[in-house]
Amino acid sequence: MDRVELIQNIFHKTDFENYLEIGCQKGKSFLPIRAKNKIAVDPVFKIAIGRRLKWLFKWPANFKANYFRLESDVFFETQQDYLQNLDQLDVVLVDGLHNFRASLNDVLNTLVYLNIDGIIILHDCYPPHEAASVFADVFPTEEQQGELEGWTGEWCGDVWKTIAYLLEKYPDLLDVGVINTDYGLGYVRFKAEPDSRKFEVDEDLFERVDKLSYQEMMSEPEGIINLQPASYSETILSLY
Ligand SMILES: C[S@@+](CC[C@H](N)C(=O)[O-])C[C@H]1O[C@@H](n2cnc3c(N)ncnc32)[C@H](O)[C@@H]1O
């Protein structure tokens, strides 16, 4: 089951209405999701007119989808009233800037508005090889790619560190792990009602997790990122 199927099945099984996608690009995952209220955030949308039209007819709620041409940090900073008026976010796909700092900020900012029964899915949490896990600002440059042994054009960055951080920081508050499918689908759900909806980065922990290498993570993925088999998608669905 890939990210679109998992998210779609969650909407099928619930009365959830609100979907946020951080990092939308060509709309390949955003447009097919059949949710009532859809929000996309990306500084550079690349949705082809043909694809947009096709999905307007296949799922008319796409007519009233909201597109924010912004970096996600700026979105959360400037659109607080909009987010509060939405009531809550039910399902969120974090698939924007593929590095630890940005993906962690996306999750922590999302938790402020997440439905207590809602879910955050993070794409690219289990890189297929070391070259795909390299740190880069936006995407590995041609120069970086040339120096990377085993580069295949696939890039996940070090988003997996966000999972490692959340597992260590919030063992009682959050249910966190990675499903071994579609480059690793991270999941984050509330296990308990939070005392507060303020989530700040613990810089000491951030620094410690940031030092973990891809090889260290791969030597113990079940411990470091709570890696689960692909069939765990069904377990997640059974919770709804
Ligand atoms: C891998 S693509 C998203 C793919 C899409 N979710 C899909 O499944 O088809 C990553 C996207 O993140 C966007 N992005 C980069 N930096 C971002 C940021 N700071 N905030 C939000 N989106 C960002 C890029 O412009 C790019 O379109």
Which three numbers, in whole Å and largest first, are the semi-axes of the equivalent ellipsoid of the range 20-100 derived from its Cα gyration tensor as √(5λ)? 20, 16, 11
For a protection proxy built on the mean count of beta-carbon atoms within 10 angstrom, sort 156-167, 19-30 highest first, please. 156-167, 19-30
So how much slack lies between Glu207 and Ser231, counting 0.36 nm per residue of separation and subtracting their Cα-Cα distance, in nm? 5.4 nm
Of all trypsin sites (Lys or Arg not before Pro) in the range 175-206, the ones in DSSP coil with at most 10 other Cβ atoms within 10 Å are Arg197, Lys198
Which of Leu114, Leu122, Leu56 ends up with the largest GNM mean-square fluctuation for the chain, with Cα atoms connected below 10 Å? Leu56
Label points 7 Å out from Cα along the Cβ direction at Phe139 and Phe57: separation in nm? 3.0 nm
Total charge of the residues flanking Lys191 in space, meaning their Cβ is under 9 Å from its Cβ, with Lys and Arg +1 and Asp and Glu -1, is -1
Calc'd 3J(HN,Hα), the range 142-152, phi into Karplus 6.51 cos²θ - 1.76 cosθ + 1.60 (θ = phi - 60°), Hz, glycine/Pro = x, comes to 4, 5, 4, 4, x, 8, 8, 5, x, 4, 10
In nanometres, the difference between 0.36 nm per residue of separation and the alpha-carbon distance of Glu147 and His129 is 5.0 nm
Could you calculate the contour length gain from Asp73 to Lys13, that is, 0.36 nm times the residue separation minus the distance between their Cα atoms, to one decimal place in nm? 18.5 nm
Could you sort out which of Lys26/Lys198; Lys13/Lys64; Lys13/Lys54; Lys58/Lys198; Lys38/Lys161; Lys28/Lys211 sit more than 30 Å apart by Cα distance in this structure? Lys26/Lys198; Lys58/Lys198; Lys28/Lys211
As a test of understanding, state the convex hull volume per residue of the chain from its alpha carbons, in Å³. 128 Å³
Sum -39500 (n - 2.57) across every DSSP H segment of at least 4 residues in the chain, then divide by the residue count to get the 222 nm mean residue ellipticity, nearest 500. -9500 deg cm²/dmol
Given a cut-off of under 8 Å on Cα pairs at least six residues apart, what relative contact order in percent is computed for the range 3-238? 17 percent
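Readers should treat all values here as calculations from the given coordinates under stated rules, not as data from a laboratory. Bear in mind the structure is a predicted one, so any value in this text is a computation, not a measurement. Every residue, glycine among them, receives a Cβ derived from its backbone with ideal geometry; neighbour counts consider all protein chains shown.
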